[in-house]
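Trainee: Okay, handing you the structure first.
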Amino acid sequence: DAGITQSPRYKITETGRQVTLMCHQTWSHSYMFWYRQDLGHGLRLIYYSAAADITDKGEVPDGYVVSRSKTENFPLTLESATRSQTSVYFCASWQRGGPEQFFGPGTRLTVL
Amino acid sequence: QQQVKQSPQSLIVQKGGISIINCAYENTAFDYFPWYQQFPGKGPALLIAIRPDVSEKKEGRFTISFNKSAKQFSLHIMDSQPGDSATYFCAARNHNAGGTSYGKLTFGQGTILTVHP
């Protein structure tokens, strides 16, 4: 399927567990982004990547790890999940010079 | 540090009315101001965008008004419809951001719009 996909769409986990959220895009966009969406805070950037093997911290990176070994994939790992990481996570991609970032459908994560 | 402030947080409008959402920014290096629309259970999608060299951009019922001196921009939805009910985000990009930071967008807090039939 063309576009940007995220998996899983829903995840429930427990405090202290490691969780990996997957993001895959088929456009070969150079940039990819991870955001979390919380009421009252809008979309906050967690990490982003300008190309394979190049990643940078965003506004709220603590507790998260990313990697980008291939252009099309940008997984986000919560090394030891906390209740404060309960949120909806969105992945996005963008090609430099393009008009917009394209967002995936989101992953709703609940940490008990 | 929130560099783009959006208001109101929620808005209720009757069908046929005008919806107005406002955003203010501080960083004069911002050079691109998009608005994203998000329906429940979906990711945000670009609705309309403007650059600071124009004061207004209109696409159908959606208009962005931009005031560079006041560092403010707003989204107007004319003849609002129940199908416009969604969350709206304003955003801004910094053209002076060097290297890999160029592609970053700073988002406002979002506005939940409800249009009653």
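Trainee: Output ³J(HN,Hα) for the stretch A:82-90: one whole-Hz value per residue in order, computed from phi by the Karplus curve 6.51 cos²θ - 1.76 cosθ + 1.60 with θ = phi - 60°, and x for Gly and Pro.
Mentor: 10, 4, 5, 8, 5, 5, 9, 10, 10
Trainee: Let me ask another. Express the accessible area of the stretch A:4-111 per residue in Å², computed with a 1.4 Å probe while the remaining protein chains stay in the model.
Mentor: Each residue of the stretch A:4-111 exposes 46 Å² on average to a 1.4 Å probe.
Trainee: Counting only residues 5 or more places away or on other chains, whose amide H sits under 5 Å from the amide H of residue B:109 once H atoms are built in the peptide plane?
Mentor: Amide H to amide H, under 5 Å and 5 or more residues apart or across chains, residue B:109 pairs with B:6.
Trainee: What accessible area, summed over both chains, is buried at the A-B interface (1.4 Å probe, Å², nearest 100)?
Mentor: 1800
Trainee: A further question follows. Leaving out ligands and nucleic acids, note down the accessible area per residue over chain B with a 1.4 angstrom probe, in whole Å².
Mentor: 47
Trainee: Compute the accessible area of each residue in the stretch B:39-56 twice, once for its chain alone and once with every protein chain present, using a 1.4 Å probe on heavy atoms, and list those whose area falls by at least 40 Å².
Mentor: B:44, B:46
Trainee: Here's a follow-up. Counting only protein heavy atoms and using a 1.4 Å probe, what share of the accessible area of chain B belongs to carbon plus sulfur, as a whole percent?
Mentor: Within chain B, the accessible surface is 50 percent carbon and sulfur.
Trainee: Let me ask something additional. Measuring from a point 7 Å past the Cα of residue A:83 along Cα-to-C-beta, which residues in the stretch A:1-22 have an amide N at less than 15 Å?
Mentor: Backbone N within reach: A:13-17.
Trainee: What's the FRET efficiency of residue A:112 with residue A:72 using the Cβ-Cβ distance as r and R₀ = 30 Å, to the nearest 0.05?
Mentor: E(calc), rounded to 0.05, equals 0.40.
Trainee: Rg and Dmax of chain B, Cα atoms, in Å?
Mentor: When restricted to the Cα atoms of chain B, Rg and Dmax are 14.0, 48 Å.
Trainee: Further question on the same structure: Over the stretch A:4-111, what percent of the accessible surface lies on carbon and sulfur atoms, probe 1.4 Å?
Mentor: 48
Trainee: Hey, any idea what the orientation-averaged projected area of the convex hull of the stretch A:4-111's Cα atoms comes to, in nm²?
Mentor: Result: 6.2 nm².
The values are calculated or read from the model by the stated rules, or taken from the named source; none is laboratory data. What you see is a predicted model, and the numbers here were worked out from it, not measured in a lab. Using ideal geometry, Cβ is built from the backbone for each residue, glycine included, and neighbour counts are taken over all protein chains shown. Just the protein is used for accessible areas: all its heavy atoms, side chains included, with ligands, DNA and RNA removed. Shrake-Rupley method; radii C 1.70, N 1.55, O 1.52, S 1.80 Å.
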